Amino acid sequence: MLTHIQGRTYYLPGPVNIGVYLYPEGGAAVIDTGLDDESGRRVLKALRAADALPLRNIVNTHSHADHCGGNAFLQKRTEALTWAAPLEAAVIENPYLEPLYLSGGDPFPALKNKFLMAKPSRVDRHLESENTGPEPLRVVPLPGHAPEQVGVLTPDAVLFCADAFFSGATLDKYYLPYFARVQPALATLEKLATFEADFFVPSHGELTTDPGPVVAANKTRLTAVSEHILALLAEPHSREDLVARIAGDKGIALNTDQYFLSTAAVAAHLAYLAEGGLVRHRFEGGRLIWQRATGTP
Ligand SMILES: [Zn+2]
């Protein structure tokens, strides 16, 4: 069932909130499609029940499987055009790229699961920059969690903000939230802190009228993780050692997916610290190890 937010803007609440905009002239756009065929079916059913067909546009905020996994089903059954930013589109069209980049080589079978590898689907239009989405929806670049993640602002002042921030409960559960790039993620959080909208709808968790506290909590966590890694690098560590230390210190239970997401998250912090000249890498006994740059306080 569609849940009303404001004006012509609705959403389908779930493990991944799916945004819905109903055009004044009839038909609908959706923001993301959920994990799989089942979520695609749920979208279609909800639109039919609301007399909101045809589905005219699908905007994917980013390429993670839980956001674009319903595309294939919806593309089979509707004429909807699918929109995504170019780099995200490359992964949506070639889902093998996700486990490939996470593992840094050919992914072993356990990594090729539906949470890390959606069914392949088509992207018809690239979101090259701000305001390139299907009218009257406005695309708002929110890079960080994914390199070219976007949010979608509807004419009703509702911003669907994808995975730009995570709820306090998620931050507590995982400690190390997945951000592919730290500096853009921090800039995105800054942007959201002053962004003018009536409602902010994250893909996971509750919608809010005031994202200030949750945005601040995400910023604090990102900074704390960078500082944690920098402190650990008083001693030399490989990236894998750092994952093990952080998991141990913070009691993170690692499974296969979590391990590779954590490794990628730590890689993002290392890149951020290296860009700032705070850490350096070298080779020792055939291992790539990181250490705090000399002269760093
Ligand atoms: Zn995501």
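The values are calculated or read from the model by the stated rules, or taken from the named source; none is laboratory data. All of these numbers come straight from a predicted model, not from anything done at the bench. Glycine also receives a Cβ, built like all others from the backbone with ideal geometry; neighbour counts cover every protein chain displayed. What goes into the accessible areas is simple: the full protein's heavy atoms, side chains included, and nothing from ligands, DNA or RNA. Shrake-Rupley method; radii C 1.70, N 1.55, O 1.52, S 1.80 Å.
On the given criteria, is Val123 open to solvent by less than 40 Å² (accessible area, probe 1.4 Å) and in a strand (DSSP E or B)? In short, no. Against the test of being open to solvent by 30 Å² or more (accessible area, probe 1.4 Å), within 22 Å of Pro136 (Cβ to Cβ) and either assigned by TED's automatic domain parsing to the domain that holds Glu130 or not in a strand (DSSP E or B) (or both), the options Leu47, Leu53, Leu35, Leu87 yield a single qualifying residue, Leu53.
Flag: Glu25 matches the condition of being part of a loop (DSSP other than H, G, I, E, B) and either surrounded by fewer than 15 Cβ atoms within 10 Å (Cβ to Cβ) or not assigned by TED's automatic domain parsing to the domain that holds Val123 (or both).
Within region 8-67, restricting attention to residues that are in contact (Cβ under 8 Å) with a residue 40 or more places away in the chain and basic (Lys, Arg), the residue that is farthest from the ligand (Cβ to nearest atom) is Arg8.
Hey, could you check region 256-275 for residues that are within 15 Å of Val225 (Cα to Cα) and open to solvent by 20 Å² or more (accessible area, probe 1.4 Å) and say which is farthest from the chain's Cα centre (by Cα)? Result: Ala274. Is one or more of the residues making up region 165-173 at pLDDT 95 or above, open to solvent by less than 30 Å² (accessible area, probe 1.4 Å) and within 14 Å of the chain's Cα centre (by Cα)? Within region 165-173 (the criterion being at pLDDT 95 or above, open to solvent by less than 30 Å² (accessible area, probe 1.4 Å) and within 14 Å of the chain's Cα centre (by Cα)), the answer is yes, since at least one residue qualifies. Any residue at all in region 92-104 that is among the polar types (S, T, N, Q) and within 14 Å of the ligand (Cβ to nearest atom)? Within region 92-104, not a single residue is among the polar types (S, T, N, Q) and within 14 Å of the ligand (Cβ to nearest atom). The criterion of being of a type in the set (A, V, I, L, M) and either assigned to a loop (DSSP other than H, G, I, E, B) or away from the ligand (no atom under 16 Å from the Cβ) (or both) does not hold for Leu171.
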